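The values are calculated or read from the model by the stated rules, or taken from the named source; none is laboratory data. None of the values given here were measured: they were computed from a predicted structure. We place every Cβ from the backbone using ideal geometry, glycine too, and count neighbours over all the protein chains shown. In case anyone asks, the SASA skips ligands and DNA or RNA and just uses the protein heavy atoms, side chains included. Shrake-Rupley method; radii C 1.70, N 1.55, O 1.52, S 1.80 Å.
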Amino acid sequence: MLTRIRRGWELPESAATPESIYHERRSLVKALAAGPILLAGGGLLVGCDDPDQTASSMSPVSRAHAAETDPTAELYPVPRNETYTVERAITDEESATTYNNFYEFGSHKQIADEAQALPLRPWTVTFDGMVEKEKTVDFDTLIRQMPLEERVYRHRCVEAWAMTVPWSGFAMKALVDFAAPLGSAKYVRMETFMDPGVAPGQKASWYPWPYVEGLTIEEARNDLAFIATGLYGRPMPKQNGAPLRLAVPWKYGFKSIKSIVRFSFTDERPTTFWEDIQSREYGFWANVNPAVSHPRWSQADERLLGVDTGRVPTRIYNGYGEFVSHLYEGLQDQKLFM
Ligand code: MTE
């Protein structure tokens, strides 16, 4: 059953408020605008976790792979790193490439067509802030300097859907080494492209564009943190975050920022996109934990994309605790699981 809620841009004229309470209203609008990701766990809203919109009935894989003429296509497939085995079946490619979250192109899941408008060349990546020397590098040059491999990872969205996919790319620690941060840098802040001309979602002023995410340097240097440049043995489809995105499988999916243009090293914890919208519900750490509910839904289990097996239990750190739990020792006072 679908329950209609009013979206931020549908506020009646009477909701317009004097400037004195503008900030209060802006918070409300931001919360309403965040509706899909906020309400998804309950499956209440069109465009969030609506089973009638699963990918099986949607566009063909061939359409999802407009990137086949990509100048880096000859680099794929890359050898698989077998360290990170999964006990789950790999999600079918059609589902993983047609059921997406990419708010720049719309606050629903069927943004694959819209995302084809994103121009991928030229694509430069800037490294700045607390680094030995700031630099901007062309993506096609950067990728050829990185140790490419494939990793099959589970992915757990905060909305309680999950997939298992073969990412191609490189360990983020190789990128951190390339950036050469100063010893005093504590965090890496990542930023998605900003171009409302091609990404209509970015015209919605109640979102704090561009999309921003962050990790501690220790998290970024952990071997599990991965910069994904490809999917299913080919360059990354635009809707999945081409040409480069983060994959941090022990965290909720919103941490895995897409279409990155900037890595900034800093000693201040960055405020992230969803934290800025609704800090009571989305935090900086966002580690997966089935025992800690989202304020408005349970995180105990999850729905696997593309199969009809019912819900399966969610695991702490999404099953990657042996690789990452040590990162959080001594941080028990922090909200590590939201
Ligand atoms: N990155 C950007 N720039 N914009 C987004 O809307 N959505 C996030 C994350 N990265 C998002 C993003 C969320 S909520 C999830 S679950 C994953 O991307 C979805 O990745 P997928 O579409 O490849 O499954």
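Laid out as a table, the results:
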read-out	value
Filtered residues of the range 240-296 (kept if within 13 Å of the ligand (Cβ to nearest atom), of a type in the set (A, V, I, L, M, F, W, C) and either open to solvent by 10 Å² or more (accessible area, probe 1.4 Å) or not in a loop (DSSP other than H, G, I, E, B) (or both))	Leu246, Ala247, Phe254, Ile260, Val261, Phe273, Trp274, Ile277
Tabulated pairs, the range 183-197, first at negative phi, second open to solvent by 60 Å² or more (accessible area, probe 1.4 Å), C-beta under 6 angstrom, 6+ apart or interchain	Ser184/Asp267; Lys186/Asp267; Tyr187/Arg269; Glu191/Arg262; Pro196/Lys203
Some residue of the range 298-310 being β-branched (Val, Ile, Thr), buried (at least 19 other Cβ atoms within 10 Å of the Cβ) and outside any helix (DSSP H, G or I)	no
Failed item in (1) within 13 Å of the ligand (Cβ to nearest atom); (2) open to solvent by 10 Å² or more (accessible area, probe 1.4 Å); (3) touching a Phe, Trp or Tyr at 6+ places or on another chain (Cβ under 6 Å), with Tyr232 passing the rest	(3)
Looking only at the range 202-227, and only at residues there that are open to solvent by less than 10 Å² (accessible area, probe 1.4 Å) and away from the ligand (no atom under 14 Å from the Cβ), the one that is nearest to Phe102 (Cα to Cα)	Ala225
Verdict on Ala73 being surrounded by fewer than 20 Cβ atoms within 10 Å (Cβ to Cβ) and among the small types (Gly, Ala, Ser)	yes
Members of the range 133-174 that are within 15 Å of the ligand (Cβ to nearest atom) and either polar (S, T, N, Q) or free of Cβ contacts under 8 Å to residues at least 24 places away in the same chain (or both)	Thr164, Ser168
Residue in the range 118-132 that is polar (S, T, N, Q), more than 16 Å from the ligand (Cβ to nearest atom) and over 29 Å from Asn287 (Cβ atoms) present	yes
